[in-house]
Amino acid sequence: MTIAPIRRTVTVKAAPQRAFERFTQQMAKWWPAEHHTGGNPFNEVVIEPRVDGRWFERDTQGTETQWGKVLTWEPPARVVLAWQLSAEFKFDPDFITELELTFVPHGTGTQVTLEHRNLERYGEAAEKIRAALDGGWPGIFQSYADFADKEPTT
């Protein structure tokens, strides 16, 4: 069974380097707080900037809950993350779908494309999970785009 990947594209005013950094280094500022996997809302979301780096949330108590890991790290053009959340949205080190982000110059800004693929790996739950993710990614990605377009505060 093959499940079509989820694809979304936005164009942001930020140059590729800034768009990449806003996605990978400032995720807690734009990722919806209600979308956490730990027992408490996150205080920060960390993507360690290297292949095999961890992707995780940390709550205000310092508890870390892993989401996945970095598969490809090519700033400012591309990052591929292993989304290691099961159908129950719990971390599973033996499970991987892929989330690829590309950052392509577009005029004075950047075209950012998200692709969440290999969804058939969810097995019998694949169609249900795809529908849930397809319903969630548009709002989450728009939150990122809105944040990427904000002027830097520093």
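Could you give each residue of the range 117-123 its phi-based ³J(HN,Hα) in whole Hz, using Karplus coefficients 6.51, -1.76, 1.60 with θ = phi - 60°, and x for Gly or Pro?
10, 6, 5, 5, 5, 6, x
Under a plain spin-label model, where a point goes 7 Å from the Cα along Cα-to-Cβ, how far apart in nm are Ala131 and Lys90?
2.3 nm
I need to check one value: relative contact order of the chain, counting alpha carbon pairs closer than 8 Å and at least 6 residues apart, in percent.
30 percent
In sequence order, what are the phi-derived ³J(HN,Hα) couplings for the range 73-79 according to the Karplus relation 6.51 cos²θ - 1.76 cosθ + 1.60 with θ = phi - 60°, rounded to whole Hz, with x for glycine and proline?
10, 9, x, x, 8, 6, 9
Whole angstrom only: what separates the Cα centroid of the range 89-130 from the Cα centroid of the range 29-72?
Between the Cα centre of the range 89-130 and that of the range 29-72, the gap is 16 Å.
Taking the Cα centre of the chain as origin and charging only Cβ (+1 Lys, Arg; -1 Asp, Glu), how large is the dipole, in debye to the nearest 20?
The calculated dipole for the chain is roughly 400 debye.
May I ask which residue of Phe23, Ala148, Phe95 lies farthest towards the positive end of the charge dipole of the chain, with charges of +1 (Lys, Arg) and -1 (Asp, Glu) on Cβ and the Cα centre as origin?
The listed residue farthest towards the positive side: Ala148.
Just so you know, all these numbers are worked out from the coordinates, no wet-lab data involved. It should be emphasised that the depicted structure is a prediction, and the values quoted were computed from it without experimental measurement. Heads up, the Cβs are rebuilt from the backbone with ideal geometry, glycines too, and the neighbour counts pull from every protein chain shown.
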